[in-house]
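The values are calculated or read from the model by the stated rules, or taken from the named source; none is laboratory data. Every value quoted in this text rests on a predicted model; they were computed, and no experiment measured them. Here the Cβ positions follow ideal geometry from the backbone for every residue, glycine too, while neighbour counts run over all protein chains shown.
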Amino acid sequence: MSVLQRDPQDMLRVLDEDGEPVGEVPDLSDDELVRMYREMWMARHFDTRAVSLQRQGRMGTYPPLSGQEGAQIGSAFALDEEDWMFPSYREHGAALHRGLPLKRTLLYWMGHEKGNRIPEDANIFPVAVPISTQIPHATGAAWAKKLQGEDSAVLCYFGDGGTSEGDFHEGLNFAGVFNTPNIFFCNNNQWAISVPRERQTASATIAQKAKAYGFEGVQVDGMDPLAVYAATRAAVKKAKDPAEDERRPTLIEAVQYRFGAHTTADDPTVYRDSDEVEQWKQKDPIPRLETFLRDTGRLDDEKVDAIQSEVEDEVAEAIKAAEAEPRPEPNEMFTNVFAEMTPEVQAQAEAFAELYEEHGDEGFLRE
Ligand SMILES: Cc1ncc(C[n+]2csc(CCOP(=O)(O)OP(=O)(O)O)c2C)c(N)n1
Ligand SMILES: [Mg+2]
């Protein structure tokens, strides 16, 4: 029986909090498992460095991902080459896995338009900051793939808060009716800025919402990368090649926690207890996978040290490359809003140009 055919309240787990297998370990090679660990480390280290760059005034506002590496990397690993990913604004690790260089992610949060340019061969859409707007886009893309007879799946990330948007309902409803090859992946990190999960919906789970749209919803331990992989892999296969009694779309609710602030502009200590954070840190996906890999002879001190120093070098290199780019011109913020400027944007650009004329660089650029 598929791992997707379960009660949405029966959370899928493969590793417990101590890294002990409690479910079926997915069929991944030793190499793939170690790569999964490496990419999770990369996401964590990148995140730590990005927050520190923002604090030093070397980057703009940044949304941290620490705690969410298992959900991001586990799900990204489950996609095939030809599949597509629609991220929100926090999936820096998943995006890297899909071929978006770290330098681009850094440039995006440094305010460079170039950070939005996706390499030709990376099947990933740009960051979506307006909540859940990417969901109908992902449904439309999947519908197009189906109409074109292409055998590819479309995975779309959004948050627990994102499920309260009309776009969530519209995207999932349409996917159910048109039976599109979508995986709707909810990163339920317990908070939508300061709004807790229980104020977001009175449903016992987010996963069960899929039932109303006529397809499967599964809740998975989002701090367990192997459980996330297993669920997403099954959903990807079903999206592309459903059995006669199966529907293509799936909703996955990955239950997890963001360890840090919503963004660097947020102070989570005003709305959540440090006890809660500490409890979730016990479930940290990185040591959990590391313990499993060490216990099964796939990792040792030497390999862990090598991975960590390689990762540190790669991130340092990406930061150096991003900082070597000339800083963006402030008026670029008006040029790419629409293909052609609307009268409103045009008026704003002109008002800005006058202010720039009056105050010069000193007024706008702080070194
Ligand atoms: C349409 C829209 N409304 C409001 C906001 C402001 N906003 C930014 S993030 C956020 C909370 C989103 O929470 P969630 O969907 O749980 O995602 P998370 O940030 O926790 O990953 C809000 C309300 C926005 N970006 N877009
Ligand atoms: Mg959230």
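Any chance the stretch 169-183 includes a residue that's within 14 Å of ligand 1 (Cβ to nearest atom), in contact with a helix residue (DSSP H, G or I) (Cβ under 9 Å, 6 or more places away or on another chain) and under 24 Å from Glu69 (Cα atoms)? No.
Screening the stretch 112-217 for helices (runs of 4 or more DSSP H) wholly inside it with 2 or more residues that are basic (Lys, Arg) and either free of Cβ contacts under 8 Å to residues at least 24 places away in the same chain or in the same structural domain as Glu82 (by TED's automatic domain parsing) (or both) returns the ranges 134-147.
Helices (runs of 4 or more DSSP H) fully within the stretch 224-301 that include at least 1 residues being among the charged types (D, E, K, R), touching a helix residue (DSSP H, G or I) at 6+ places or on another chain (Cβ under 7 Å) and on the phi < 0 side of the Ramachandran plot: 285-295.
Go through the residues of the stretch 85-97 one by one and say whether even a single one is surrounded by 23 or more Cβ atoms within 10 Å (Cβ to Cβ), in contact (Cβ under 8 Å) with a residue 40 or more places away in the chain, more than 23 Å from Ile252 (Cβ to Cβ) and assigned by TED's automatic domain parsing to the domain that holds Ala234. Within the stretch 85-97, none of the residues are surrounded by 23 or more Cβ atoms within 10 Å (Cβ to Cβ), in contact (Cβ under 8 Å) with a residue 40 or more places away in the chain, more than 23 Å from Ile252 (Cβ to Cβ) and assigned by TED's automatic domain parsing to the domain that holds Ala234. Tell me whether the stretch 136-156 contains one or more residues that are within 16 Å of ligand 2 (Cβ to nearest atom), surrounded by 18 or more Cβ atoms within 10 Å (Cβ to Cβ), within 15 Å of the chain's Cα centre (by Cα) and of a type in the set (A, V, I, L, M, F, W, C). Yes, because at least one residue in the stretch 136-156 is within 16 Å of ligand 2 (Cβ to nearest atom), surrounded by 18 or more Cβ atoms within 10 Å (Cβ to Cβ), within 15 Å of the chain's Cα centre (by Cα) and of a type in the set (A, V, I, L, M, F, W, C).
Within the option set Val34, Val25, being outside any loop (DSSP other than H, G, I, E, B) and more than 17 Å from the chain's Cα centre (by Cα) holds for one residue only, Val34.
Can you tell me how many residues within the stretch 157-182 are surrounded by 22 or more Cβ atoms within 10 Å (Cβ to Cβ), more than 16 Å from ligand 2 (Cβ to nearest atom) and not polar (S, T, N, Q)? Going through the stretch 157-182 one residue at a time, the tally reaches 4.
The set of residues from the stretch 167-186 being under 18 Å from the mean Cα position of the chain (by Cα) and among the hydrophobic types (A, V, I, L, M, F, W, C) comprises Phe168, Ile183, Phe184, Phe185, Cys186.
Take Gln308 and tell me if it is within 29 Å of Asn188 (Cα to Cα) and touching a helix residue (DSSP H, G or I) at 6+ places or on another chain (Cβ under 6 Å). No. Run Gly67 past the list (1) touching a Phe, Trp or Tyr at 6+ places or on another chain (Cβ under 8 Å); (2) modelled with pLDDT under 95 and report the number of the one that doesn't hold. Result: Gly67 passes all but (2). Scanning the stretch 143-166 for residues that are within 16 Å of ligand 1 (Cβ to nearest atom) and aromatic (Phe, Trp, Tyr) returns Tyr157, Phe158. If you take the residues in the stretch 188-214 that are of a type outside the set (Gly, Ala, Ser) and surrounded by 24 or more Cβ atoms within 10 Å (Cβ to Cβ), which one is farthest from ligand 2 (Cβ to nearest atom)? Looking at residues that are of a type outside the set (Gly, Ala, Ser) and surrounded by 24 or more Cβ atoms within 10 Å (Cβ to Cβ), I get Ile206. Taking the criterion of being exposed (fewer than 14 other Cβ atoms within 10 Å of the Cβ), among the hydroxyl-bearing types (Ser, Thr, Tyr) and closer than 16 Å to Leu299 by Cα, the only residue of the stretch 17-61 that qualifies is Ser29.
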